[in-house]
Amino acid sequence: MMPELRVLIVDDERPARDKLRRLLATQSDVTYVAEARDGLDALAKLAQEKFDVLFLDIQMPELDGVSLAQQLPASAPLLVFVTAFDQFAIQAFDANAIDYLLKPYDDDRFLKAITKLRKARLQYDSRSPAEAVAPIVIRERNAVIVLPAHEVHWVEAADNYVLLHTSASSHMLRQTLATTAQRLGSAFVRCHRSYLVRLDQITRLENNGRGDSDLCLQSGARVPCSRQYRDDIMFALAQS
């Protein structure tokens, strides 16, 4: 049985909202549809109600769709961007969108988007907290890397960037540590003002003789843990 879907349509044009509402009404698993006129209206509705999916226009007054998506936490609804402009595709997928509907789209293209949403919902519902987070999109030189969040073991702040460390490589992302912590969700914890670590990678905690500690990870990496975060780490490990 497919899970029910609660949908929020965010678009400043009424005809566009009406078209999506008509198409969504044909889907038996869509049990609730609400509308927002712009990004600020959407933020207000998201604070009041729980939604599983956002159909999100990109160009809107006050707060555009990409800026809205970047403010959403890791537990945010699944995103489908809907726009008349194809130049925003990379930005949309960088914001962890499931699909990108280019106006004017037909019924068949809408159904493909719904199919992707259903698959994504089932996958996310069955994953661990680390795996349930949407992949991280990183631009490196002439390539775009899609990095599954559960492959990240620890994160290090570097000025206006963060370094995402996996078992075999590191990737630089222009983003603050606080924003990264929000995106990665509850599978990661702060262990230092400049570091995050994935809880299930920690094998032991060792005092370093200076009042602080090192966290030893399964990969063999050692991550600093300052004394102010040590109790939080120990509590989180006990609860995991």
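The values are calculated or read from the model by the stated rules, or taken from the named source; none is laboratory data. Since the model is a prediction, treat every value here as computed from it, not as a measurement. We place every Cβ from the backbone using ideal geometry, glycine too, and count neighbours over all the protein chains shown. Areas reflect the complete protein model, heavy atoms only, side chains present, ligands, DNA and RNA absent. Shrake-Rupley method; radii C 1.70, N 1.55, O 1.52, S 1.80 Å.
Looking across region 13-30, the residues that are within 24 Å of the chain's Cα centre (by Cα) and not in a helix (DSSP H, G or I) come down to D29, V30. Looking only at residues that are polar (S, T, N, Q) and at pLDDT below 90 in region 126-166, which one is nearest to S194 (Cα to Cα)? It comes out as N160. Listed here are the strands (runs of 3 or more DSSP E) enclosed by region 152-225 that have at least 1 residues being open to solvent by 60 Å² or more (accessible area, probe 1.4 Å): 161-165, 170-173, 188-192, 202-207, 222-225. Pairs linking a residue in region 25-54 that is under 14 Å from L72 (Cα atoms) and charged (D, E, K, R) to a residue that is open to solvent by 20 Å² or more (accessible area, probe 1.4 Å) and in a helix (DSSP H, G or I), with Cβ atoms under 8 Å and 6 or more positions apart or on different chains, are D52/R121.
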